[in-house]
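A.B. asks: My questions all concern the structure below.
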Amino acid sequence: MKQQTTRGPVARHLVGDTAPHMRPGDDPALFGTAELSPLGSVEVRSFQTFTLVYTVGKIGLDDTGGIRVAFRFISDAGKPQMQDSKAANFVSASCSGSGKISLSFSAGGQRPWNGILTAHLHGGYLSEGDTITIVFGDTSHGSPGMLMQTFMEEGYEFRVMADVQATGNFLPLDKQFSIPVVAGPAAVWKAVLPSLRRPGERFHLGLKAEDVWGNPTSQANGRIRLEPSLPVTGLPLEFEYEPDDRALSLENLSCDTEGVLRIAVYVDGSEAAEAGPLVIRSGGYAGFWGDLHGQTGETIGVNSIESYFDFARNKTFLDISSHQGNDFQMKTVFWEKLNTLTAEFDEPGRFVCIPGYEWSGNTAIGGDHNVFFKTEGRPIRRCSHAILDDRSDMANDANTLTDLYAGLKDEDCVLYAHVGGRYANIHYDHDPLLETAVEVHSAWGTFEWILTDGFPLGRRVGLVCNSDGHKGRPGASYPGSSTFGAYGGLTCFLTDRLDRDAIFEAMRRRHHYGTTGCRMHMDVSGLLPGGGTLFERNPEAQPDTPTHTVQTVMMGDIVRTDAEAVILSIGVEAHAGIERIEIRNGETVLENVRPYEEADLGDRIRVLWSGAEYRGRGRNTEWRGRAQFSGAAIRRFETLNLWNPERSFEQRGSETIVWDTITTGNYMGFDAWIDADADASLSIATNHGDLELKVSDIGLEDEIMEAGGLARRLRAFRLPGDRLPKSLSVVRAVPLSNTGDNPVWISVYTEDGYQAWSSPIYLFQS
């Protein structure tokens, strides 16, 4: 990968750039020039030193003028600091002429350039040819250097601007710089299969190695041996791993035998990963995985839209993808380019690429909603032109959610309500024909409340999970070391084929389920004694919608029935052991189903913490704590959902575990296998409260400490010592109320910390 240095902003980000430029006819020599060194690629999370030399132009640089270097909002690189010359990220500056340079850093620039280092000149002036030198990661006094970000980027940008006449107006220089950031050494292998196919139906196996931060890396090779649990047509059992670009996809595979396919992956003789489960089963539909929500450098994120779709298809092996840029930042030229690319990438039967955008209205007038179009070339209706200079199409704006619904009433499109920085206000307005789902999990966290708050309102929507990632990694969006607190989610669409028509029909009928990033197979269906009336569309939206008489229903269905109970059938095949399945009617958990009983419990204690501060931007909850065993020794310790390896979370000694972590609605925690005396105890002290337990009292059911906030709590319970079963099937009779809707749905928790939810079956009486 070569360094890209261009004139003006980096070419791939031109369409998303919102900062002012020099005017046509301006002579670059008037405002000076800059050079940055070195220009080679660097590894993620490495320490580096960069020297920027600005040379003053023809009209000089006046007293109190200066230069600025801007960095993108999304970066989790170390923040420049000027206080401690021996610490990381130390920045120094000097000038060759009269006066002195003072440095300041702020995080208040206009998006996407939210990190601003300013070098101000004081007590003198500079003439043509004089220089200002800034050293990022100055090691001359003992600093280890500048700490780079945790994720790959085609070009980590240093955006250089100058205010030569001390007006406060910093204009970007003609020449700009970007440093390629590449993945580090391989830390883990990943193998990916879909979760449901029919006998003889094509599928692909994805294989890659990731560094410790989740970046697919080219620093991996070896002899691969595959051991499938079922015969797979077209699958090579041994080969050399030498991908062209950090990942390998084995295409056009199929299974003729019904069953559950898992493929063990061995690298140079050692087991490195397992792909699956893939359920091979005859029936009316298959399962197709998508992450339909993310941004790139053309808006608030990084990397190009071309690399984004390539990543979705070829690095995370998705079936479906869409780009969702903030509308108030999306230039018309980029909207047109995006529509061109979705048409080019869309390949029915292999990869569905959907045009769309994020309507980003404030929460007060509806909040964030994803808009997906079935066809290209549709007009974009923005909430505003807040940071767009070209306002020629403002007449198309939809300033409120109600305006948006009105503007889209004749469009072939679907909307999702989601929670990002802004959150969707489901109490403001709702069009049940357009808005078919809510997003309950993303890299921002977990938000079951956006679904459950709608139950008393009679809202009948499906449930999806996406990443809302800003780092150009749809389908594998790791939070890194930043304000994002969770791994991005995925949605499985249940339909008979992979094309836009079928996916949009699955959206509109809510035939999908979501996960916090795993690809488990989930079956949820119901048998109605005496049958019921199935509505093809939400009757709230279309009272005259076609109906069918049915006895069996699936997740997402809306059914009128006189039955007193639904016979619920649940089948889960997971990548890891199943910790529990919650059967729910609305907000009520009717039963916790586990693949083990009280008699199976062993020496493993699980401690979890979860929740958020509130619904808005500042939802991150800091969890600092210590678990202290008395009369027990920790024999083995494993973390759950520790996505940031730089966060403190470790065992100290034989009795203590300490942590300093965050949750954003999601959960994290640990398992401790202990050797305990009869009178052993566990004392958990956190910044949100304490929990004191006798170890002998910790059993099957959760011991809970409520901690205020938004579903913020601490839990402890006991598990079997051995690994849990990966398969679980159950049949239960779920009583139905004859008042209002019965949203019947499930949530699945896996042994390694993932969670999944089915879209509810909405059952009601006339």
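A.B. asks: Please name all residue pairs, on different chains or six or more residues apart, with Cβ atoms under 6 Å, provided the first residue is in the stretch 654-671 and is closer than 17 Å to D752 by Cβ and modelled with pLDDT of 95 or more and the second residue is charged (D, E, K, R) and in a strand (DSSP E or B).
C.D. replies: D671/R604; D671/R606; D671/E638
A.B. asks: Is one or more of the residues making up the stretch 226-248 farther than 30 Å from V438 by Cα, in contact with a Phe, Trp or Tyr (Cβ under 6 Å, 6 or more places away or on another chain), modelled with pLDDT of 95 or more and not assigned by TED's automatic domain parsing to the domain that holds F311?
C.D. replies: Start the filter on the stretch 226-248 by keeping residues that are farther than 30 Å from V438 by Cα, which leaves 226-248.
If we keep only those that are in contact with a Phe, Trp or Tyr (Cβ under 6 Å, 6 or more places away or on another chain) too, we end up with none.
No, the conditions are met nowhere in the stretch 226-248.
A.B. asks: Checking N585 against (1) surrounded by 15 or more Cβ atoms within 10 Å (Cβ to Cβ); (2) of a type outside the set (S, T, Y); (3) in contact with a strand residue (DSSP E or B) (Cβ under 6 Å, 6 or more places away or on another chain); (4) under 27 Å from G689 (Cα atoms), which single condition isn't satisfied?
C.D. replies: Unmet for N585, out of (1) surrounded by 15 or more Cβ atoms within 10 Å (Cβ to Cβ); (2) of a type outside the set (S, T, Y); (3) in contact with a strand residue (DSSP E or B) (Cβ under 6 Å, 6 or more places away or on another chain); (4) under 27 Å from G689 (Cα atoms): (4).
A.B. asks: Checking the structure you have, find out if any residue of the stretch 175-190 is touching a Cys at 6+ places or on another chain (Cβ under 8 Å) and touching a residue at least 40 places away in the same chain (Cβ under 8 Å).
C.D. replies: Scanning the stretch 175-190 turns up no residue that is touching a Cys at 6+ places or on another chain (Cβ under 8 Å) and touching a residue at least 40 places away in the same chain (Cβ under 8 Å).
A.B. asks: Tally the residues that are touching a helix residue (DSSP H, G or I) at 6+ places or on another chain (Cβ under 9 Å) and surrounded by fewer than 18 Cβ atoms within 10 Å (Cβ to Cβ), restricting the search to the stretch 551-582.
C.D. replies: Kept after step one, since they are touching a helix residue (DSSP H, G or I) at 6+ places or on another chain (Cβ under 9 Å), are these residues of the stretch 551-582: 556.
Restricting the remaining residues to those that are surrounded by fewer than 18 Cβ atoms within 10 Å (Cβ to Cβ) gives none.
So the answer is 0.
A.B. asks: I'd like to know if the stretch 285-292 contains one or more residues that are on the phi > 0 side of the Ramachandran plot and in a strand (DSSP E or B).
C.D. replies: In the first step, residues of the stretch 285-292 are kept if they are on the phi > 0 side of the Ramachandran plot; the result is none.
There is no residue in the stretch 285-292 that is on the phi > 0 side of the Ramachandran plot and in a strand (DSSP E or B).
A.B. asks: Looking for something loosely packed, with under 15 Cβ neighbours inside 10 Å and out of contact with any helix residue (DSSP H, G or I) (no Cβ under 8 Å at 6 or more places or on another chain) - is there at least one such residue anywhere in the stretch 705-712?
C.D. replies: Yes, the stretch 705-712 contains at least one residue that is loosely packed, with under 15 Cβ neighbours inside 10 Å and out of contact with any helix residue (DSSP H, G or I) (no Cβ under 8 Å at 6 or more places or on another chain).
A.B. asks: Hey, another quick one. Is it fair to say K208 is at pLDDT below 95 and either of a type outside the set (S, T, Y) or surrounded by 22 or more Cβ atoms within 10 Å (Cβ to Cβ) (or both)?
C.D. replies: Numbers: at pLDDT below 95: no; either of a type outside the set (S, T, Y) or surrounded by 22 or more Cβ atoms within 10 Å (Cβ to Cβ) (or both): yes.
No, not satisfied.
A.B. asks: Moving on. If I698 satisfies all but one of (1) at pLDDT 95 or above; (2) surrounded by fewer than 19 Cβ atoms within 10 Å (Cβ to Cβ), what's the number of the condition it fails?
C.D. replies: That leaves (2) as the condition not met.
A.B. asks: Being basic (K, R), over 34 Å from the mean Cα position of the chain (by Cα) and not assigned by TED's automatic domain parsing to the domain that holds Q219 is true for just one of K175, K100. Which residue is that?
C.D. replies: Unique residue meeting the criteria: K100.
A.B. asks: Return yes or no: is Y405 closer than 26 Å to I74 by Cβ, touching a residue at least 24 places away in the same chain (Cβ under 8 Å), crowded, with 16+ Cβ neighbours inside 10 Å and of a type outside the set (K, R)?
C.D. replies: no
A.B. asks: Another question about this same structure. I'm checking my understanding of the structure. Among residues of the stretch 233-259 that are touching a Lys or Arg at 6+ places or on another chain (Cβ under 9 Å) and under 30 Å from S758 (Cα atoms), which one is surrounded by the most Cβ atoms within 10 Å (Cβ to Cβ)?
C.D. replies: C255
A.B. asks: Determine whether the stretch 670-685 contains at least one residue that is in the same structural domain as S610 (by TED's automatic domain parsing) and within 25 Å of Y478 (Cβ to Cβ).
C.D. replies: Checking the stretch 670-685: at least one residue is in the same structural domain as S610 (by TED's automatic domain parsing) and within 25 Å of Y478 (Cβ to Cβ).
A.B. asks: Would you say K100 is surrounded by fewer than 21 Cβ atoms within 10 Å (Cβ to Cβ), over 30 Å from F484 (Cα atoms) and among the basic types (K, R)?
C.D. replies: Yes; evaluated as a whole, the condition is true for this residue.
A.B. asks: If a residue counts only when it is within 23 Å of R519 (Cβ to Cβ), which strands (runs of 3 or more DSSP E) contained entirely in the stretch 673-761 have at least 3 such residues?
C.D. replies: Filter on the stretch 673-761 gives 727-735, 742-750, 755-758.
A.B. asks: Would you list the strands (runs of 3 or more DSSP E) that sit entirely within the stretch 466-576 and hold 2 or more residues that are at positive phi? Don't jump to the end; show me each part of the working.
C.D. replies: On the way: elements: 490-495, 512-515, 521-535, 547-554, 558-561, 565-573.
Once the strands (runs of 3 or more DSSP E) in the stretch 466-576 are filtered for at least 2 residues that are at positive phi, what remains is 521-535.
A.B. asks: Restricting to the stretch 267-303, name every residue that is farther than 12 Å from L193 by Cβ, surrounded by 21 or more Cβ atoms within 10 Å (Cβ to Cβ) and not aliphatic (A, V, I, L, M).
C.D. replies: F288, G290, D291, H293, G294, Q295, T296, G297, E298, T299, G301, N303
Results for (1) over 26 Å from V438 (Cβ atoms); (2) surrounded by 23 or more Cβ atoms within 10 Å (Cβ to Cβ), shown as yes or no for each residue.
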{"site": "S729", "(1), (2)": "yes, no"}
{"site": "R732", "(1), (2)": "no, no"}
{"site": "P735", "(1), (2)": "no, no"}
{"site": "T739", "(1), (2)": "no, no"}
{"site": "N742", "(1), (2)": "no, yes"}
{"site": "D752", "(1), (2)": "no, no"}
{"site": "S758", "(1), (2)": "no, yes"}
{"site": "L763", "(1), (2)": "no, yes"}
{"site": "S766", "(1), (2)": "yes, no"}
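A.B. asks: Identify the single condition in (1) surrounded by fewer than 23 Cβ atoms within 10 Å (Cβ to Cβ); (2) in contact (Cβ under 8 Å) with a residue 40 or more places away in the chain that A395 does not satisfy, given that it satisfies every other one.
C.D. replies: Of the numbered conditions (1) surrounded by fewer than 23 Cβ atoms within 10 Å (Cβ to Cβ); (2) in contact (Cβ under 8 Å) with a residue 40 or more places away in the chain, the odd one out for A395 is (2).
A.B. asks: Please find, among S759, S766, the residue that is modelled with pLDDT under 95 and in contact with a Lys or Arg (Cβ under 8 Å, 6 or more places away or on another chain).
C.D. replies: It is S766.
A.B. asks: Same structure, new question: Check whether at least one residue in the stretch 661-680 is crowded, with 19+ Cβ neighbours inside 10 Å, under 23 Å from D76 (Cβ atoms) and hydrophobic (A, V, I, L, M, F, W, C), and report yes or no.
C.D. replies: Scanning the stretch 661-680 turns up at least one residue that is crowded, with 19+ Cβ neighbours inside 10 Å, under 23 Å from D76 (Cβ atoms) and hydrophobic (A, V, I, L, M, F, W, C).
A.B. asks: Considering only the stretch 639-657, state which residues are part of a strand (DSSP E or B) and loosely packed, with under 15 Cβ neighbours inside 10 Å. Walk me through it before giving the result.
C.D. replies: We begin by selecting, within the stretch 639-657, every residue part of a strand (DSSP E or B); these are 639-640, 649-652, 656-657.
E650, R652, T656, listed by residue number.
A.B. asks: Suppose the filter is part of a strand (DSSP E or B), surrounded by fewer than 16 Cβ atoms within 10 Å (Cβ to Cβ), of a type in the set (K, R) and not assigned by TED's automatic domain parsing to the domain that holds N425; does R636 pass it?
C.D. replies: So R636 fits the description; yes.
A.B. asks: Just for strands (runs of 3 or more DSSP E) wholly inside the stretch 51-163: which have at least 3 residues that are farther than 30 Å from G325 by Cβ, in contact with a Ser or Thr (Cβ under 6 Å, 6 or more places away or on another chain) and modelled with pLDDT of 95 or more? Let's see the steps before the verdict.
C.D. replies: Working: elements: 66-71, 91-95, 100-106, 115-122, 131-136, 153-163.
Filter on the stretch 51-163 gives 131-136.
The values are calculated or read from the model by the stated rules, or taken from the named source; none is laboratory data. Remember, predicted model here, so these are calculated numbers, not experimental data. Glycine also receives a Cβ, built like all others from the backbone with ideal geometry; neighbour counts cover every protein chain displayed.
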